[in-house]
Structures are given as C-alpha cells and as structure tokens.
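Please find one structure pasted underneath; my questions will follow.
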Amino acid sequence: MPELDLIDRKIVHELMQDSSLSVAQIADRVGLSQTPCWKRIQKLEATGVLTGRVAIANPARIGFGLTVFVGIVAPDHSAEWRQRFTETVSTIPEIMEVYRMAGEMDYLLRVSVRDMAAFDGLYKRLTDAIPIKNVTSHFAMERMIFTTAYPIDTHSF
C-alpha cells in the first residue's frame, strides 16, 4: 500500500469533504498548482486510494426512511455457502453494506428500506434465497452522526 505524503492526505481530505471541488480549488487548498494536483489525483485513483466520487443523499428525503442493521449467522462456513451468500446479497440493492465479522455473528449488513413492510419483503427474499442459521435485526431510530470521510491527518508528522 502506498504511503501518502502530506499533500496526498490533504487532497484526499478535500475530496472526501466535497468531491465536486474543481482541480483548481483543490490545488489552491493544498498548496499546489493545477497540473501537479491533477497528476496526484490521477495517481490516487490509479493506486486505489480514491475509489469513486459520489453525491451523498439524505435517505429519508428519497424514500428510504428505515435503516436496519442485520446480523447473520451462517449455517456452515463452506466456500459454496459463502459464494452463494455473496451472490445473493449482491442482487438486493437495499443492502448497502456487508461485512464479514469476527465474533458471535458471521456477517453484518446495513439495509436501507422505505418502511417495515419493505424490510419484511427483503427479509423473505434473503431467507428464501439462502439457508441462514440465525438473523438478528436492529432498527435504527435516529441517525445521530454520519460521515463517509475518514479522519485523515492533514498535518505534518
């Protein structure tokens, strides 16, 4: 993994805060001219440090008022089951994130749906598609803090 210098960290920080910034704006904020800044951004993309640029939507404003964290315990840990599970969750767009976990649950999913009826439909699709030993759902009542920006150190060491 490439080591990021101070300028690279500043560029990544600025893009995580607002990916709509122009190269000129980023260059000005990090103390570079435009061409070297653009070359650094291209390198950060090529090396996989930057993986995409998106707009972040308010889920409630676009009809996704319910967030559910779903813990999954697998019935077995075979390669076949893992592959089938990965294929299944990849086909359900309301499943926003999937993590393979250590501890009491095997997988943790973050699901965004319209309401409880929509979650019930998702639950049925998931459990009909693949055997699961246990499913535990936790319903978020309020999103208090949310960010997609990692706390990158933008100061010199």
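Which condition number does Asp120 fail, the rest of (1) part of a loop (DSSP other than H, G, I, E, B); (2) over 30 Å from Glu14 (Cβ atoms); (3) of a type in the set (Asp, Glu) being met?
Here Asp120 clears every test but (1).
I would also like to ask the following. Looking at Leu108, Leu32 in this structure, which one is surrounded by 12 or more Cβ atoms within 10 Å (Cβ to Cβ) and assigned by TED's automatic domain parsing to the domain that holds Pro131?
None of the other options fit; the residue is Leu108.
Does Ser156 count as small (Gly, Ala, Ser) and over 18 Å from Ala74 (Cβ atoms)?
So Ser156 fits the description; yes.
Could you please tell me which pairs satisfy a Cβ distance under 9 Å, a separation of 6+ or placement on different chains, a first residue in segment 127-155 that is within 30 Å of Ile7 (Cβ to Cβ), and a second residue that is polar (S, T, N, Q)?
Sorted first by the residue in segment 127-155, then by its partner, the pairs are Ala149/Gln17.
Here is a further query. Looking only at segment 30-39, filter to residues that are in contact (Cβ under 8 Å) with a residue 12 or more places away in the chain and outside any loop (DSSP other than H, G, I, E, B); which one of those is farthest from Ile7 (Cα to Cα)?
The residue in question is Trp38.
Taking segment 78-126, which residues are of a type in the set (Gly, Ala, Ser) and touching a residue at least 12 places away in the same chain (Cβ under 8 Å)? Give the derivation first.
The first filter runs over segment 78-126 and keeps only residues of a type in the set (Gly, Ala, Ser), leaving 78-79, 90, 102-103, 112, 117-118, 121.
If the condition is that a residue be of a type in the set (Gly, Ala, Ser) and touching a residue at least 12 places away in the same chain (Cβ under 8 Å), then Ser112, Ala118 are the ones that fit.
Let me ask you something else. For segment 76-93, which positions are part of a loop (DSSP other than H, G, I, E, B) and either touching a Leu at 6+ places or on another chain (Cβ under 8 Å) or under 18 Å from Arg114 (Cβ atoms) (or both)?
Those that are part of a loop (DSSP other than H, G, I, E, B) and either touching a Leu at 6+ places or on another chain (Cβ under 8 Å) or under 18 Å from Arg114 (Cβ atoms) (or both): Ile92, Pro93.
Something else about it: Just checking, how many residues over segment 1-36 are farther than 14 Å from Tyr150 by Cβ and among the basic types (Lys, Arg)?
The qualifying residues number 1.
Follow-up question, since we're still on this one. So Ile72 passes all but one of these: (1) over 28 Å from Ser137 (Cα atoms); (2) surrounded by 15 or more Cβ atoms within 10 Å (Cβ to Cβ); (3) touching an Asp or Glu at 6+ places or on another chain (Cβ under 9 Å). Which condition number does it fail?
Looking at each condition in turn, Ile72 falls short on (1).
Of everything in segment 1-29 that's assigned to a helix (DSSP H, G or I) and polar (S, T, N, Q), which residue is surrounded by the most Cβ atoms within 10 Å (Cβ to Cβ)?
The selected residue is Gln25.
So, of the residues in segment 40-75 that are small (Gly, Ala, Ser) and assigned to a helix (DSSP H, G or I), which turns out to be nearest to Val111 (Cα to Cα)?
Ala60
Hey, does segment 50-59 have a residue that's more than 30 Å from His155 (Cα to Cα) and surrounded by 15 or more Cβ atoms within 10 Å (Cβ to Cβ)?
yes
The values are calculated or read from the model by the stated rules, or taken from the named source; none is laboratory data. Just so it is clear, the model here is predicted, and its values are computed rather than measured. Virtual Cβ from ideal backbone geometry, glycine too; neighbours counted across all protein chains shown.
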